[in-house]
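To keep things clear, I will list the structure first and then write my remarks on it.
What follows is calculated from the coordinates using simple rules that are stated; it is not laboratory data. Since this is a predicted model, take the numbers as computed values, not measurements. So basically every Cβ, Gly included, is an ideal-geometry build from the backbone, and we count neighbours across all protein chains shown.
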Amino acid sequence: MSSRKPRRWVRRLVVTVIVLGVLLVAADRAAAWAAENRLATMAEQQAARYDLTAQDTSVEIGGFGFLPQVAREEFSSVTMTMTKPTFSEVPGENLEVKMTGVHVPRAVMTGGNGAAVTVDNTDIRLSLSPAEVAKLAARGTGLTGLKLDAIDGKLRAKLSLGEFAVDVAVTPTAKNGRVSLAVDQISDNIPAPARELLKSRLARGISLPKLPYDAKLKEVAVEGGSVVLIATAANLKLTT
């Protein structure tokens, strides 16, 4: 009998440790869920100040262990995703905001008003349809009828210049906060003046509305069927 008691004690200890571990994980995730909702609300309120709205907003807190990060009042990363965002009346497809070095006072977690979340670095990826980029380009360049399509990761511009139809590959780049479109080789069938006009107008750059969170445009990419604006912001502050 005496040999069984230690084994029973060990089993009970193991069961107790497992139960406590499960409860701790459950408490950690429940607290993280509440915090994610709180941060999503704050992000939406801040976004509205930049004329940014979305069909849906979700927030995910990264890093290992939520409660230890709360104790430090700093999250290693927070990722916010907005579906079908609209900024300054320009409809987008998707917006991903990845924040690192997120300083969160405990008052924020308890719902206190006036508390602010400060973010060291913010990386933004805003996906737009080629059609919306073409609208912006047409306004800025005066090239009415301009169409843009993304095909196999490449952007193509289509336009009628007088009696000539132009279908040419273009490469988008970020230049002084604008989206510049560099034209690849154009057919020699297009008159030289028309070729130069198209190149100069598209190279002039597309003026964008103010990006969310005062982010600065750093890069433009074509991914799948979308044009992705890649921007960064420093020392972002989210307030209630």
| task | Residues in the stretch 128-151, backbone N under 19 Å from the label point at Asp184 (7 Å along the Cα-to-beta-carbon vector): list them, ranges by number please. | result | 130-131, 134, 147-151
| With labels modelled as points extended 7 Å from the Cα through the Cβ direction, what inter-label distance (nm, one decimal) is found for Asn176 paired with Glu163? | 3.8 nm
| field | Within-14-Å neighbourhood charge of Arg204 [Cβ basis; K, R +1; D, E -1] | value | +4
| request: Loop only per DSSP, at most 13 neighbouring Cβ atoms within 10 Å: give me the GluC sites (Glu not before Pro) in the stretch 129-202, ordered by residue number. | output: Glu163
| task | Quick one: what are the phi-derived ³J(HN,Hα) couplings along the stretch 223-231, Karplus 6.51/-1.76/1.60 with θ = phi - 60°, whole Hz, x for glycine and proline? | result | 10, x, x, 10, 9, 10, 8, 10, 9
| Between Arg106 and Ala131, what length in nm is gained on full extension when 0.36 nm per residue of separation is reduced by their alpha carbon distance? | 4.6 nm
| Using a Förster distance of 45 Å, how high is the FRET efficiency between Ser200 and Glu73, based on the Cβ-Cβ distance and rounded to 0.05? | 0.30
| Counting Lys +1, Arg +1, Asp -1, Glu -1, what net charge surrounds Asn189 among other residues with beta carbon under 13 Å of its beta carbon? | -2
| field | the stretch 190-240: trypsin sites (Lys or Arg not before Pro) falling in loop per DSSP and having at most 14 other Cβ within 10 Å | value | Lys210
| Ala48 versus Glu223, label points 7 Å from Cα toward the beta carbon: distance in nm? | 2.9 nm
| Of Lys147/Lys199; Lys135/Lys218; Lys154/Lys199; Lys135/Lys216; Lys135/Lys199, which sit over 19 Å apart, Cα to Cα? | Lys135/Lys218; Lys135/Lys216
